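The structure is given below, and queries will be raised subsequently.
The values are calculated or read from the model by the stated rules, or taken from the named source; none is laboratory data. Predicted model only: the values in this text are computed from it and were never measured. Neighbour counts run over all protein chains shown; Cβ positions are idealised from the backbone, glycine included.
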Amino acid sequence: MEELYQRNRIYLTEEEQNTIKTYPVLIAGCGIGSNIAECALRFGFEKLTIVDGDIVERSNLNRQNYTLNDISFFKAERLFKRLKEINPDADIKFHTEYIDHNNINTLIKDHKIAINALDFTSDIPLYFDQLCQEKDIVVLHPYNLGWAGLVAVITPDSENLHSVSSNFNELEMVKFIIKDLKSKDKNYNWLESTLDKYINEEEKLSPPQLSVASWILGGICTQLLYLIATQQEIKTFPEYYIKSVLL
């Protein structure tokens, strides 16, 4: 095993390390995607495409993989710079544009897994899933739940997020998860309390999110990328992966 990945030994075989090195992954959205991208790269995924039209803002710094020096620059560009500083030999491409109906087919082409970290401000995130299912691309949906990270996996054969709600958004996903956890007698009362407080806030702001969940999601998604790339068993939606530091 090459020197860069010697400490991965035993956890990964040399054959697995070589497999993931050239496994093409698309990261759509460089918010949560910024943490996932670094974790995946350090693990050995060296063929990454990152896409986002957003610029870095000060409010991103509590949880996303950027610094003060990145503010006012494109997220995708600055994330590319950081990743190349970690591994200059990695095959990384970046696009400083939003995914839309005009470019989506070109951007998802030739990838085997996609991280869907797009904002649910339009129909694009669900359309993204639909196209990926049609083109046999597995999609990971990460959600920052503050003290917990949640990931849903959409495959060509699985259900998709339309099964949760015809008007799906992040809040609908959290409501679905809370209901499902309750049915399994899992104690996530803190999550329900957080949701209630957010819904009842007088000023309508973006949902609260913590750096804790961002790094948990980096780990969960990287393991899932590894399992998928090496053709191991995974859970698919409506099942999901959730990890909390409170339980």
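So if I check each of GLU15, GLU85, GLU77, which one is assigned to a helix (DSSP H, G or I) and within 27 Å of ASP129 (Cβ to Cβ)?
GLU77
Scan THR19, THR13 and give me the residue that is farther than 20 Å from ILE216 by Cβ and either under 18 Å from the mean Cα position of the chain (by Cα) or exposed (fewer than 14 other Cβ atoms within 10 Å of the Cβ) (or both).
On inspection, the qualifying residue turns out to be THR13.
With respect to LEU41, determine if the residue is in a helix (DSSP H, G or I), at pLDDT 95 or above and of a type in the set (A, V, I, L, M, F, W, C).
For LEU41, the condition - in a helix (DSSP H, G or I), at pLDDT 95 or above and of a type in the set (A, V, I, L, M, F, W, C) - is met.
Within segment 63-79, work out how many residues are of a type in the set (A, V, I, L, M, F, W, C), surrounded by fewer than 22 Cβ atoms within 10 Å (Cβ to Cβ) and in contact (Cβ under 8 Å) with a residue 12 or more places away in the chain.
Number satisfying all stated conditions: 3.
Taking the condition in contact (Cβ under 8 Å) with a residue 24 or more places away in the chain, surrounded by 15 or more Cβ atoms within 10 Å (Cβ to Cβ), in contact with a Phe, Trp or Tyr (Cβ under 8 Å, 6 or more places away or on another chain) and charged (D, E, K, R), does GLU170 pass?
Criteria met by GLU170.
Now, a different point. Condition (residue is in contact with a Pro (Cβ under 6 Å, 6 or more places away or on another chain) and either under 21 Å from PHE120 (Cα atoms) or among the hydrophobic types (A, V, I, L, M, F, W, C) (or both)) applied to segment 66-75: is it met by at least one residue?
no
Quick check on my filter: what residues within segment 165-188 are among the polar types (S, T, N, Q) and at pLDDT 95 or above?
Passing the criteria: only SER183.
Pairs only if they're at least six apart or on different chains, beta carbon under 6 angstrom, first in segment 191-215 and over 19 Å from VAL151 (Cβ atoms), second part of a helix (DSSP H, G or I); list them, first residue then second.
Pairs found: GLU192/ILE178.
Take the conditions more than 18 Å from THR222 (Cβ to Cβ) and either among the charged types (D, E, K, R) or in contact with a helix residue (DSSP H, G or I) (Cβ under 8 Å, 6 or more places away or on another chain) (or both) and apply them to VAL51. Does it pass?
Yes.
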